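Comments concern the structure below.
The values are calculated or read from the model by the stated rules, or taken from the named source; none is laboratory data. These numbers come from a predicted model, not from an experiment. Cβ atoms come from the backbone with ideal geometry, glycine included; neighbour counts cover every protein chain shown. Calculation scope for accessible area: heavy atoms of the full protein, side chains included, ligands and nucleic acids excluded. Shrake-Rupley method; radii C 1.70, N 1.55, O 1.52, S 1.80 Å.
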Amino acid sequence: GESAIMKLSELLSVLDPLPRQADGTNVFLPDAEITAIVCDSRKAVPGALFVCVEGRTTDGHRFAARAYEAGTRFFLAQRMPELPADACVFLVADTRTALADLAAAFYGYPARNLTLIGITGTKGKTTTAIMLYRALCENGIDAAYIGTNGVYFADNREPTVNTTPESLELQHYLRRMADAGVRYLVMEVSSQALLLDRVHGLRFAVSLFTNLSRDHIGGVEHPDFENYRACKHLLFTDYGASTVIVNTDDPQAGYMLAGNSAETVLTYGTGENADFRGTAFESVSLPDRMGVRFVCRSREGSCPVFLPFAGRFSMYNALAVIAVCRVCGVNTANAARSLAHTCVPGRFELLRFPSLPGVTFIIDYAHNGTSLSAVLSSLRAYAPERLICLFGSVGCRTKERRREMGEVAARQADLCILTSDNPDTEPPEDIIAEIAAAFALPGSCPYLAIPDRVDAIRHAVRLARPGDMILLAGKGHEEYQLIDHRRVPFSERDILCDAVKKTTEKDGIPLGHIFP
């Protein structure tokens, strides 16, 4: 699996139509051996096939010469790159789909040994996917996870750059998973992955839809909402899903079901006709934990469910997990038992410290208006003395989020601390000013502007009083800050623990077990 070698002629023969050599012939070098497929010139080596892929911001055709300098002589391209005469160039109409097909063949079609579960939607993908992965593992099923929080399988925990990795990296992971005995793979499938053919050629046994709202629109992402929605829809029509599961409370559920490929359609939600129906929802605050309770009604009868997450949206995530578990042969009661103690890093992650009695900190990835509103209203249900919200917004893209998040926080919190969140090359002060404009509206809460996020967290700790809930929003599981194109190490949890320790001169102990 790890060190595959394939004859060039055999490898290129999987493409349809067959690529033609740049000089117009169709004669492949019959005995040339390919030891690696690469699409990043920094990974190029002698014996590699370099695939020139057009990205959102870069173009692999421009880096072909670098791959040549590193010893690569075989190239797959959409148009002729500038290369010396002894380079062997093959042309195809679309290198993205070709890369996916070649990678699958090179790694021996590992997906054929795995049952793939694809989850798409605007919110809830990561939480639902990790909860499902944990529930399957706990119930004796060898499962793996790929998504925003990285790659989990066997004892491996590895970070990924994209929610859904590029096809080449993805097929490599699938090979390693199949070799490790994994049977089920739970995968977050982003709209970008569908747009950019990262999952091209895969067949999903189950495709799940969580919900849809405006996000990832503009700039290098999706041109408009229609395009965003249409990309999500592909998971239900073009990837052979035999079971489709949708949240019927979402207005886009019907759109997602239109023209689907499934033999079985299952639904979840709060409506009378949902196959997995949530009823009797309530927020619960206990001395050692906070969460929600509800009853799941299905053909198996009624089953009580407790979740260590806040908010009504958590019930939807849990219902989705229970529905997929049912398809995978795990009954509702066993799925519910697993859900009662599942933590997801950076998703409603609760921290309490003996040195700050009565104060609750929440780390959450909420990074747009909709998700921030959902988290703040969930926390309000626990009747805190003060609800304090610390947040920022990313630089250089999705600028419409800034005012959105500002308006939500100004209305729903008692105090806000505006700070940095992956500013990249944009001055944090400029981003904060755009967020702060929303606080000029009548009825807005007070706010502080502290551009350095570490200082902002320390300040929040110093402000804390018994009965306060302090939400640190936007970073969640991320272990870095993006500043000037560089990922600078930054762990919100570590910085918070350190700030509490320095402020109170006692050890801060996070509440509960944090996974992984």
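Points to keep in mind about this one:
- The residue of region 413-427 that is farthest from residue 487 (Cα to Cα), among those that are open to solvent by 40 Å² or more (accessible area, probe 1.4 Å) and not charged (D, E, K, R), is 427.
- Boolean, residue 472 is under 30 Å from residue 150 (Cα atoms), modelled with pLDDT of 95 or more and touching a strand residue (DSSP E or B) at 6+ places or on another chain (Cβ under 9 Å): yes
- Contacts under 6 angstrom Cβ, first residue in region 402-417 being within 20 Å of residue 457 (Cα to Cα), partner among the basic types (Lys, Arg) and surrounded by fewer than 24 Cβ atoms within 10 Å (Cβ to Cβ), 6 or more apart: 414/386
- Yes/no for residue 230 being outside any loop (DSSP other than H, G, I, E, B), open to solvent by 10 Å² or more (accessible area, probe 1.4 Å) and at pLDDT 95 or above: no
- Matching entry among 321, 305, 295, 284 (being touching a residue at least 40 places away in the same chain (Cβ under 8 Å) and of a type outside the set (S, T, N, Q)): 321
- Restricting the first member to region 419-441 and to residues that are under 18 Å from residue 389 (Cα atoms) and charged (D, E, K, R), and the second to residues that are open to solvent by 50 Å² or more (accessible area, probe 1.4 Å) and assigned to a helix (DSSP H, G or I), the beta-carbon pairs closer than 9 Å and six or more apart or on different chains are 434/403.
- Test result for residue 346, more than 26 Å from residue 151 (Cα to Cα), under 18 Å from the mean Cα position of the chain (by Cα) and not polar (S, T, N, Q): no
- Every listed requirement among (1) modelled with pLDDT of 95 or more; (2) open to solvent by 40 Å² or more (accessible area, probe 1.4 Å); (3) of a type outside the set (A, V, I, L, M) is met by residue 216 save one, (1).
Okay, residues lined up against (1) more than 20 Å from residue 366 (Cα to Cα); (2) touching a helix residue (DSSP H, G or I) at 6+ places or on another chain (Cβ under 8 Å); (3) open to solvent by less than 40 Å² (accessible area, probe 1.4 Å):
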| residue | (1), (2), (3) |
| --- | --- |
| 429 | yes, no, no |
| 462 | yes, yes, no |
| 473 | no, yes, yes |
| 497 | yes, no, yes |
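- Residue in region 112-128 that is in contact with a Gly (Cβ under 8 Å, 6 or more places away or on another chain), open to solvent by 20 Å² or more (accessible area, probe 1.4 Å) and farther than 26 Å from residue 36 by Cβ present: yes
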